[in-house]
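The values are calculated or read from the model by the stated rules, or taken from the named source; none is laboratory data. These numbers come from a predicted model, not from an experiment. Counting neighbours? That spans all protein chains shown, and the Cβs are built from the backbone with ideal geometry, glycine included. All accessible areas refer to the heavy atoms of the entire protein, side chains included, with ligands and DNA or RNA removed. Shrake-Rupley method; radii C 1.70, N 1.55, O 1.52, S 1.80 Å.
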Amino acid sequence: MNWNDFTWTRHPKEYKIEGDRIAITTQPHTDLWQRTYYHFRNDNAPVFQMGTDEQYFSFVVRTDFSQSHHRFDQCGIVMYLDSENWLKASVEYENEEYQHLGSVVTNQGYSDWATTAIDASVRSVWYRFSRREDDYRIECSFDGVTFTQMRICHMFQGAGTIRFGIYACSPEDSSFTAVFSDMRLTECAWQPHDGQQPD
């Protein structure tokens, strides 16, 4: 990955790039969320992305959140198109027993949140983000080798040129340093469907 291909949407106050590793220190009260259930709109998390019009590819990154310690501290992958159209996947800290591995898809200004509880001892996760035209797949891995599907989704604004990358935030009164490494672009690992044919 070439860092010169990446740009910030909202600079963090503190970050460090060393080789293929980037560390982002979050600021309190930063988040990405739109409307659904909570009715508030948060759109101030730092996002570091590159752009592409490639229709078929996969992006892999390892996240280390060993310093997260407060409810909702999170870091992960993101495709941020604009304030009302984006997706993200991360682990959100909850307490000393468990945390939430999940993803959010925001289409036309409304967010969802799909989660599963994982043990609080997990401190690193790999993500693989794959594109097939305007459909997307998010996978996770605990060893960087075996990936498990988290979700498939459609993005209404996800055709043509997109931007994708990483983010980190602390929605409550907290701060931690998230570390991203092992980033790579590959051929699309999401293979064409070989079952029921399209209508």
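Of the GluC sites (Glu not before Pro) found in the stretch 43-118, the ones in coil according to DSSP and having at most 11 other Cβ atoms within 10 Å of their Cβ are GLU54, GLU96, GLU97.
Here the chain has 45 percent of its accessible surface on carbon and sulfur atoms, given a 1.4 Å probe and all protein chains in place. Restriction of the trypsin sites (Lys or Arg not before Pro) in the stretch 74-183 to DSSP coil positions whose beta-carbon has at most 11 other beta-carbons within 10 angstrom yields no sites.
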